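Engineer: Quick one: the structure is below, and I'll ask about it shortly.
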Amino acid sequence: MNSIRIWVLCLAASCNACAMPVSETAAPDDSEPRKTIYLLNHGWHAGIVLQRTDISDSVWPVPVDFSDVQYLEVGWGEMDFYRTPDPHLGLIIKAALLPTASVLHIVGFNGPVPTYFPYSEIIRIELSLVGFEHLSRTISASFAKDEAGNTTSLGDGLYGNSRFYPSREVYHLFNTCNAWIARALRAAGLAITPARAISVGNLMSQVRKSDMVMRSAPELLK
């Protein structure tokens, strides 16, 4: 009973912190170096795309499975639900109601982002170098690692050249895949409220208001 009470108190504190307002870091101006990332809306799930060569190995040692790709898409979610292509009702209920283990889903690919994800809504975001480093560190910190700092694949992912990796974080009702993405973007400097990212639609709506979003024509998303 005490352990449950402690978990509830920690959860409440976490949710309160995620709900606190945050000021957006100023978007990089034309004279500043920047890094481009992409936020994907897959309809039920969101992902972040980063260019592989932008990632410093000292900040996020990307698994060797993706050493020769142009882009990485990163997603996070409940372990059993995320790894099941057609989850049954029991998995859905467990993911919604119980604190459970989680995984990261990494996809490596080459070519323009809109070409690889033709059916997904894509938002292009420009980050400062500091913001990109904070994003990379947040993603790296989510991986479960051994004493040597390595992570081991749990097997093939859902599509393309992809893998699942164990995460050190706990999935629960207030720490969903969309809230995880929101926290990562908040670490990068966007004025995002993770506790309000209940759905992928709400997440995308919050991000569209950011000054870091590039409001360019679709062909410039490449």
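Engineer: Please report Trp76, Trp44, Trp60 as a ranked list, fewest other C-beta atoms within 10 angstrom at the top and most at the bottom.
Structural biologist: Ascending Cβ contact count within 10 Å gives the list Trp44, Trp60, Trp76.
Engineer: What does the extension gain come out to for Lys145 and Val213, with contour length at 0.36 nm per residue minus their alpha carbon separation? Walk me through the intermediate numbers first.
Structural biologist: Details: separation 68, 0.36 × 68 = 24.48 nm, distance 3.28 nm.
Difference between extended and current length: 21.2 nm.
Engineer: Determine the gain in length on full extension of the stretch Arg168-Glu121; use 0.36 nm per residue of separation and subtract their C-alpha separation, reporting nm with one decimal.
Structural biologist: That works out to 14.0 nm of additional length.
Engineer: Decide, for the stretch 109-196, between rounded, prolate and oblate: order the square roots of the alpha carbon gyration tensor eigenvalues as a ≥ b ≥ c, take rounded if a/c falls under 1.5, and otherwise choose prolate if a/b is larger than b/c, else oblate. Spell out each step's value before the answer.
Structural biologist: Values: a/c = 1.41, a/b = 1.07, b/c = 1.33.
It is rounded, given that a/c, with a ≥ b ≥ c, falls under 1.5.
Engineer: Another one. Tally Lys and Arg at +1 and Asp and Glu at -1 over the other residues with C-beta under 12 Å from the C-beta of Asn175: what net charge comes out?
Structural biologist: -1
Values quoted throughout were computed directly from the atomic coordinates according to the rules given, and no laboratory measurement underlies them. No experiment lies behind these values; they were computed from the predicted model shown. Note that we place each Cβ from the backbone using ideal geometry, even for glycine, and neighbour counts take in every protein chain shown.
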